Amino acid sequence: MNIEQLSTMTEADLQATADRHLLIIDGQYTSDMEKQYHVSQAQFFLAELDRRKQTQERVESGKIADRDYKLEKWVIWLIGAELVLAVVGLLFGWIEGAKQTKVLDQLNQSGAATAATLTALQKAQEASLDTQQHTLDNIITMNNALQDQLDQNLTGAIQYGGGMSGNGIYRVNLDNNGKDVLSLWGNKFGNNSPAMKKQPTILNPGDSVTLDISDLIAKAQKQQGSSGLNIPIELYLTRDDGTKYVAKGTILGNGYIPHMTTTRKQW
């Protein structure tokens, strides 16, 4: 099979071809070498099927990211407008305060008038404080909404990007499919303690990091067996602004990680 033939195969063809190789493995007259060959062939077609799905997801994620980018610009513009209005309100309040002070000086001889003026001034200041507090609350709400949007964009940023398995060697490649630069500080497999680094691995958009999980798979197979093997994995990440995230997924017996989810979380 050449590249042109592979590119013309539909997802159903890829799935059927992988199933056909897997069925051959169960044959009682199949040698170990033949089994290994058919396993590698099944993995090849499944990897191609997964690559096509990831490509489609990247296209859809790109459209969503473009839409979110436009919304973010509107949010930033609104925050700027709120800040301008707050500054104008403060300046207006300062001018009004100066005028009210002058009035108080003029009414200093009349106790009753002075008391009435002080009452009015107190109400005006309370109203001004309420306005400023409302403006501050709106700014905080918008900032939280922007942070939530950024977190949503990172939900599917870290994903399985391929790997190698066979002869007791298992390696997985994890790709940064998002638009943000991420720093990888450590990881955790199963019930093991987290393994942290003093200096992080920088993952620019499109970069990959390779993890050797051979010993982990071998130990898990002894404890759980090859069938139904599931090993939880966690990656400890930060964005450029220091916000911490945890990417979680599950390693299957063949080293494949179906899907990973990245959420904002302290570690």
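The values are calculated or read from the model by the stated rules, or taken from the named source; none is laboratory data. This structure is a prediction, so every number in the text was calculated from the model and none was measured. Using ideal geometry, Cβ is built from the backbone for each residue, glycine included, and neighbour counts are taken over all protein chains shown.
Data for the structure
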quantity: Test for residue 243: is it closer than 25 Å to residue 49 by Cβ, outside the structural domain of residue 49 (by TED's automatic domain parsing) and not aliphatic (A, V, I, L, M); calculated: no
quantity: Filter result (within 15 Å of the chain's Cα centre (by Cα) and within 13 Å of residue 189 (Cα to Cα)) within the range 247-267; calculated: 247, 248, 249
quantity: The range 56-79, residues that are of a type in the set (Phe, Trp, Tyr) and closer than 18 Å to residue 152 by Cα; calculated: 69, 74
quantity: The range 63-90 residues that are farther than 16 Å from residue 140 by Cβ, paired with ones that are of a type in the set (A, V, I, L, M) and assigned to a helix (DSSP H, G or I) (beta carbon under 9 Å, 6 or more apart); calculated: 68/150; 72/146; 72/150
quantity: Residues of the range 231-255 classified as within 30 Å of residue 218 (Cβ to Cβ) and touching an Asp or Glu at 6+ places or on another chain (Cβ under 9 Å), total; calculated: 5
quantity: Near pairs, Cβ below 6 angstrom, 6+ apart or cross-chain, from the range 9-38 (in the same structural domain as residue 51 (by TED's automatic domain parsing) and among the acidic types (Asp, Glu)) to any residue that is at pLDDT 80 or above and in a helix (DSSP H, G or I); calculated: 11/49
quantity: Residue match in the range 41-55 (condition: closer than 30 Å to residue 152 by Cβ and touching an Asp or Glu at 6+ places or on another chain (Cβ under 7 Å)); calculated: yes
quantity: The range 25-46, subset buried (at least 16 other Cβ atoms within 10 Å of the Cβ) and of a type in the set (A, V, I, L, M), residue farthest from residue 206 (Cα to Cα); calculated: 39
quantity: Leading residue by the ranking (modelled with the highest pLDDT) among those in the range 164-189 that are surrounded by 15 or more Cβ atoms within 10 Å (Cβ to Cβ) and in contact with a helix residue (DSSP H, G or I) (Cβ under 9 Å, 6 or more places away or on another chain); calculated: 175
quantity: Residue 219 being without any contact (Cβ under 8 Å) to a residue 12 or more places away in the chain, surrounded by 14 or more Cβ atoms within 10 Å (Cβ to Cβ) and in the same structural domain as residue 189 (by TED's automatic domain parsing); calculated: yes
quantity: Tally of residues being under 17 Å from residue 194 (Cβ atoms) and surrounded by fewer than 21 Cβ atoms within 10 Å (Cβ to Cβ) across the range 234-248; calculated: 5
quantity: Single match in 72, 82 (criterion: touching a Ser or Thr at 6+ places or on another chain (Cβ under 8 Å), part of a helix (DSSP H, G or I) and under 30 Å from residue 135 (Cα atoms)); calculated: 82
quantity: Qualifying residue in the range 243-263 (condition: aromatic (Phe, Trp, Tyr), at pLDDT 90 or above and either in a loop (DSSP other than H, G, I, E, B) or touching a Phe, Trp or Tyr at 6+ places or on another chain (Cβ under 6 Å) (or both)); calculated: no
quantity: Selection status of residue 158, of a type outside the set (Phe, Trp, Tyr), in contact with a Gly (Cβ under 9 Å, 6 or more places away or on another chain) and at pLDDT 90 or above; calculated: yes
